[in-house]
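Data block below; observations after.
What follows draws every value from the coordinates through simple rules; no lab data is involved. From a predicted model like this one, the values you see are computed outputs, not experimental measurements. FYI the Cβ positions are ideal-geometry reconstructions off the backbone, even for glycines, and counts take in every protein chain you see.
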Amino acid sequence: MPFITVNNATFFYEEFGTGHPLIFLHGLFQLRADTSAELDWLATKYRIIAPDLRGYSQSFPKPRTYPRDFYRRDAEDVKAICEALHIGSPHVLGWSDGGEVTLCLAELMPLRSAAEWGAVGFYGPEMRERIARHLPATWIEEEQKARQGPDWEQMIIDWTNALLEVTATGGDISHADAGKIACPLLIMLGTKDTLNPIPVAQRLIDKVKYGRLEVFEGAGHSLQWDQPEHFRAVLGAFLDDADRKATSTQGV
């Protein structure tokens with residue numbers, strides 16, 4: 001099992017498939033196992049690198065902490081992982097919290113493309129009540145608890161408090177620097193995703209030269225489960241288009 005140490009942390013990661021590298025970033029307590037079907041599908045065309053982010057599952061240090069800028073910290077970690085593995089301009093795909101990290105990462109380093117679902121880059125005061133509903137953490141499944149170990153409950157408390165701090169300190173996660181995103185960006189959101197308002201995502205997309213927002217009518221936070229065929233069609237076409245543009249402009 002591969003591990004890599006960067007930024008004073010040690011990361012477990014899985015690597016499989018062949019082709020241009022694609023970094024997958026998991027969500028809160030949602031790891032590679034929760035997107036196996038999609039990643040196995042992508043691995044027929046891409047080299048998948050799927051790390052456990054700092055403090056999750058098999059990565060260290062533990063317990064994972066959640067400062068106000070933890071998404072940016074995770075993005076810096078992923079950037080360092082790419083540099084250590086000599087991965088240049090990968091595709092990056094993120095779900096939920098991994099989507100927030102994807103948006104931050106696209107502002108930090110050159111990517112072939114960035115795609116995410118279940119993230120909007122901004123949580124204003126109007127989202128405070130919705131975020132607070134994550135406590136008590138009765139929604140966490142037993143399998144997820146087992147992956148994280150005895151610190152799982154404190155992790156949810158700290159995550160919730162960090163996002164409440166975001167709402168109390170302006171709300172911004174990645175909107176302020178969204179103009180730095182130079183690669184094609186795809187945000188996918190379901191109309192029933194109550195944590196990620198579509199108008200907020202549109203404000204970010206409006207700042208990105210090659211940005212696109214795809215709305216999934218009737219879907220919730222887990223698009224890959226709610227509308228798998230539509231999800232694959234949209235994401236696959238986006239990645240194909242990004243590859244074509246890279247080939248025509250870079251000759252690679």
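Starting from the Cα of Ile198, step 7 Å along the direction of its Cβ; do the same at Ala176; then give the gap between the two resulting points in nm.
Result: 2.9 nm between the two label points.
Please report, to two decimal places, log10 I(q)/I(0) for the chain at q = 0.10, 0.12 Å⁻¹ as given by the Debye formula with identical point scatterers on the Cα atoms and no solvent.
Scattering profile of the chain, log10 relative to I(0): -0.44, -0.65.
So if each residue of separation counts as 0.36 nm, and I subtract the Cα-Cα distance between Leu108 and Arg244, what length gain in nm does that give?
The span from Leu108 to Arg244 would gain 46.7 nm if fully extended.
So which of Lys45/Lys79; Lys45/Lys245; Lys145/Lys180; Lys62/Lys192; Lys62/Lys207; Lys192/Lys245 end up more than 28 Å apart, counting from Cα to Cα?
Correct reply: Lys145/Lys180; Lys62/Lys192; Lys62/Lys207; Lys192/Lys245.
Please build a GNM for the chain, connecting alpha carbons under 10 Å apart, and tell me which residue among Pro61, Pro136, Pro21 fluctuates the most.
Top of the fluctuation ranking is Pro136.
Which residue fluctuates most in the GNM of the chain (Cα springs below 10 Å): Leu235, Leu53, Leu105?
Of the options given, Leu235 has the highest mean-square fluctuation.
What does a probe at Phe16 reach in region 49-71, counting residues whose amide N is under 14 Å from the point 7 Å along Cα→Cβ?
49-51
Starting from the Cα gyration tensor of region 23-139, take the square roots of the eigenvalues, sort them a ≥ b ≥ c, and report rounded, prolate or oblate (rounded when a/c is under 1.5, otherwise prolate if a/b is larger than b/c, else oblate). It would help to have the intermediate numbers written out before the result.
Numbers: a/c = 1.58, a/b = 1.48, b/c = 1.07.
Note, shape of region 23-139 comes out prolate.
Over the chain, calculate the relative contact order: mean separation of alpha carbon pairs under 8 Å at least 6 apart, over the residue count, as a percent.
17 percent
Among Ser96, Phe231, Ile4, pick out the residue whose Cα is farthest towards the positive end of the charge dipole of the chain, where Lys and Arg carry +1 and Asp and Glu carry -1 on C-beta, about the Cα centre.
Farthest along the dipole direction, towards plus: Ile4.
Quick check for you: which residues of region 125-141 have the amide N under 20 Å from the point 7 Å beyond the Cα of Ala168 toward its beta carbon?
125-137
With a/c under 1.5 counting as rounded, go ahead and sort region 113-252 into rounded, prolate or oblate using the C-alpha gyration tensor (a ≥ b ≥ c being the square roots of the eigenvalues; past the cut-off, prolate if a/b is larger than b/c, else oblate).
Values: a/c = 1.98, a/b = 1.54, b/c = 1.28.
Because a/c hits 1.5 or more and a/b exceeds b/c, region 113-252 counts as prolate.
How many angstrom lie between the Cα centre of region 183-252 and the Cα centre of region 131-181?
So the two Cα centres are separated by 22 Å.
Given the options Ser36, Ser59, Ser89, state which has the largest fluctuation in a GNM of the chain using a 10 Å cut-off (strictly under) for Cα springs.
Ser36
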